[in-house]
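Notes follow once the structure below has been shown.
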Amino acid sequence: MHIRYDLLFLDYNILSLGSIFLVTEPASKNYSSILFLYLYYTGGLCLLAYILITIFNFGSRIQLIKSATELESKEEYIRLLLNSVGHPIFGVNLSGKCIFNNQSCALLMGYDSNKDLSTTHLNIHFTDLNGTKIDMLERLLFEIKKNKNVHCESHFIIDNLGNKVPVEIRAYPNIKSNKIIGAVVTLQDISERKCQEEQIRYLAYHDSLTGLPNRRLLIDHFEQLVKETGGNEVFLLYLDLDHFKTINDTLGHSAGDSILKVVALRLLSFKPRCYNISRLAGDEYLILVNCKNNEQLKILLSEIIIEIQKPIQLSSQQIITTPSIGVAQYSLHGRDFESLLKAADMALYKAKEDGRNTYRFYHNKMGRQELRQLMLQTDLRLALIKKQLFIHYQPQINIKNKKIIGVEALLRWLHPNEGLISPTEFIPAAESNGMIIPISNWLLGEVCKQAMLWKKMEL
């Protein structure tokens, strides 16, 4: 710009000099004419140069103003674009200083939406999952300087009011002229996602009807209790409601669900004496107890039975339900959860067999009985097909005249390995596995055939 001003000043001097020559009378007329023409054209050229230079300077100024306006317009567009993005965004240089941010970022950190965070130390807003303040920007820039993208979720933003917001953090290198000059960081509020994940996690470990822990959480608590106590004095209680199917069939499943909820609340009243109370399925509950001795446990069992059998008021009537409970002890009856559950289930079966509304402790004899029962139920399905069942006819005699007045058909089972098995043993097995109906049909058919044969023989 100084060079152009000097040219203008030079042009002005030439014009002034020409004017002087114009007003000075020449010594010679010819010489004067020539000089006049020279000065005339020279002055004209200088004036033209001056005009062109002025136009050029004016155009340059217009171009500069236009460029500045376009730049300002672009910056406004970028600012508008950043603020229109729902996710908080900010940029930092390699020193960790904020160089730009959008309104969402300012709001997330508890500031006014128009707050410029360039003077704010952003690290004060970042904590880990434990609430410990961390130098997040240093961690991000450490990876950014390696030209790597960064992604992490296990952090919180603490705003100016102390509110904790879980965020997902993503950072990208900010590159200019093939050189990393900083990072662009985006934050996403994942509170809703975390809430949904927590709900899914809750449903995965809890019963949806009663809100009690389910089997999966019970196993976790069992392992934790065994680890804490060494397994000593750990008991598993298997509780089942007596004749609950009848309630469902007569009053409906809605009434049954109401009863299950009431029972769950009554069982919860025994915490913390019970380490864990879970619903297994249907009307079955599992209770994990850490008890010093059997006598204390028996008192607890009696109290549970008394509490459960209290009347339950439904909308139209009162219902009384009773529990049967099987008890197994860790280490003595099993050293893992499945073994302990199986033992408690056998003890529950014994409580049902002994009249219900009571409890029974597992003992080793039950295991042998259950194994025997399982063998009989399995082999009995093949006994009918392989014709191992037969009928023993026992005559009925009139004592007065010594005549046969009828016969009694007695079912017998000749097992290929066990020999004759008593009906008192295999009939209950047939009732348990559902074979009693096909066996009864076969027995009735065989007896009728034999009766027709005797009639033809006129016996």
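The values are calculated or read from the model by the stated rules, or taken from the named source; none is laboratory data. These numbers come from a predicted model, not from an experiment. Here Cβ is always computed from backbone atoms with ideal geometry, including for glycine, and neighbour counts include all displayed protein chains. All accessible areas refer to the heavy atoms of the entire protein, side chains included, with ligands and DNA or RNA removed. Shrake-Rupley method; radii C 1.70, N 1.55, O 1.52, S 1.80 Å.
So that you can scan it fast, the table gives a plain yes or no per residue for (1) closer than 30 Å to T322 by Cβ; (2) out of contact with any helix residue (DSSP H, G or I) (no Cβ under 6 Å at 6 or more places or on another chain); (3) open to solvent by 80 Å² or more (accessible area, probe 1.4 Å):
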position: L376; (1), (2), (3): yes, no, no
position: R381; (1), (2), (3): no, yes, yes
position: L389; (1), (2), (3): no, no, no
position: Y393; (1), (2), (3): no, yes, no
position: E418; (1), (2), (3): no, yes, yes
position: I427; (1), (2), (3): yes, yes, no
position: S440; (1), (2), (3): no, yes, no
position: M452; (1), (2), (3): no, yes, yes
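Can you pull out the residues in segment 179-238 that are open to solvent by 80 Å² or more (accessible area, probe 1.4 Å) and under 30 Å from V165 (Cβ atoms)?
Of all residues in segment 179-238, those open to solvent by 80 Å² or more (accessible area, probe 1.4 Å) come to 179, 189, 192, 195-196, 198-203, 208, 215-216, 223-224, 227-228, 232.
Matches in segment 179-238: D189, E192, C195, Q196, E198, Q199, I200, R201, Y202, L203, S208.
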Legend entry - Answer from L107, L161, L122, L117 - the residue that is surrounded by fewer than 18 Cβ atoms within 10 Å (Cβ to Cβ), of a type in the set (A, V, I, L, M, F, W, C) and either touching a helix residue (DSSP H, G or I) at 6+ places or on another chain (Cβ under 7 Å) or closer than 18 Å to G86 by Cβ (or both): L107
Legend entry - Only one of G131, G91 that is within 28 Å of K194 (Cα to Cα), small (G, A, S) and at pLDDT 90 or above: G91
Legend entry - Residue list for segment 266-280, restricted to those being of a type outside the set (K, R), more than 14 Å from I305 (Cα to Cα) and open to solvent by 50 Å² or more (accessible area, probe 1.4 Å): P272, Y275
Inset, instruction - Within segment 187-233, track down each residue that is in contact with a Cys (Cβ under 9 Å, 6 or more places away or on another chain) and outside any strand (DSSP E or B). - result: E233
Inset, instruction - Report whether or not L453 is of a type outside the set (K, R), farther than 30 Å from V289 by Cα, free of Cβ contacts under 8 Å to residues at least 12 places away in the same chain and part of a helix (DSSP H, G or I). - result: yes
Inset, instruction - For segment 272-289, indicate whether the set of residues that are acidic (D, E), within 20 Å of G355 (Cα to Cα) and assigned to a helix (DSSP H, G or I) is non-empty. - result: no
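Suppose the filter is farther than 18 Å from F222 by Cα, open to solvent by 30 Å² or more (accessible area, probe 1.4 Å) and in contact with a strand residue (DSSP E or B) (Cβ under 7 Å, 6 or more places away or on another chain); does P323 pass it? Spell out the reasoning first.
Numbers: farther than 18 Å from F222 by Cα: yes; open to solvent by 30 Å² or more (accessible area, probe 1.4 Å): no; in contact with a strand residue (DSSP E or B) (Cβ under 7 Å, 6 or more places away or on another chain): yes.
No; evaluated as a whole, the condition is false for this residue.
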Legend entry - Where K310 falls short, out of the listed (1) touching a helix residue (DSSP H, G or I) at 6+ places or on another chain (Cβ under 9 Å); (2) within 23 Å of F361 (Cβ to Cβ); (3) open to solvent by 50 Å² or more (accessible area, probe 1.4 Å); (4) not in a strand (DSSP E or B): (2)
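Of the residues E431, E408, which is modelled with pLDDT of 85 or more, out of contact with any Phe, Trp or Tyr (no Cβ under 9 Å at 6 or more places or on another chain) and charged (D, E, K, R)?
Details: E408 fails: out of contact with any Phe, Trp or Tyr (no Cβ under 9 Å at 6 or more places or on another chain).
One residue alone meets the criteria, E431.
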